[in-house]
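Written below as structure tokens is the structure these notes are about.
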């Protein structure tokens, strides 16, 4: 069980780290990427599995430092907060431009619609890239405090 925890932990670090680096590049280049979202979601699943396995190990009596537990649990909390911020970011862009709903954007000329959508996608990408990079650091730190 400890070996599975280790392997899933390495997988989590690689997936989240890859998502963070690739997403930062895409954000910088102002382009969307399905690869980013696939890496991010796979990394999030790996983090959930890793946390569950860690919980099982603790319940089985494995002793770990408090820091390891904190660094291992914070990625879940950050993922949840980041998803909420990502969802709110679209509304923030609409509010900043004076739109009360997405339907109003549909009435704009195509070029202006594209600009609003690009702004929303960039904001969502930025939020999730930042979250991925923070989670990556926390996972690396968790790995360094594990026994």
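The values are calculated or read from the model by the stated rules, or taken from the named source; none is laboratory data. Small disclaimer: the values here were computed from a predicted structure and weren't measured. Neighbour counts run over all protein chains shown; Cβ positions are idealised from the backbone, glycine included.
Table: residues versus (1) at pLDDT below 90; (2) part of a helix (DSSP H, G or I).
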site	(1), (2)
36	no, yes
44	no, yes
53	no, yes
85	no, yes
98	yes, no
108	yes, no
112	yes, yes
122	no, yes
Q: State whether the residues of region 114-129 include one that is in contact (Cβ under 8 Å) with a residue 60 or more places away in the chain, under 30 Å from residue 62 (Cα atoms) and either in contact with a helix residue (DSSP H, G or I) (Cβ under 6 Å, 6 or more places away or on another chain) or exposed (fewer than 13 other Cβ atoms within 10 Å of the Cβ) (or both).
A: no
Q. Of all residues in region 51-80, how many are touching a helix residue (DSSP H, G or I) at 6+ places or on another chain (Cβ under 8 Å) and farther than 19 Å from residue 9 by Cβ?
A. 0
Q | Test: residue 61 is at positive phi and either modelled with pLDDT under 95 or touching a strand residue (DSSP E or B) at 6+ places or on another chain (Cβ under 8 Å) (or both) | A | yes
Q: Sort out which residues of region 20-34 are surrounded by 13 or more Cβ atoms within 10 Å (Cβ to Cβ) and at pLDDT 95 or above, and write them in order of number.
A: 20, 21, 22, 23, 24, 25, 26, 27
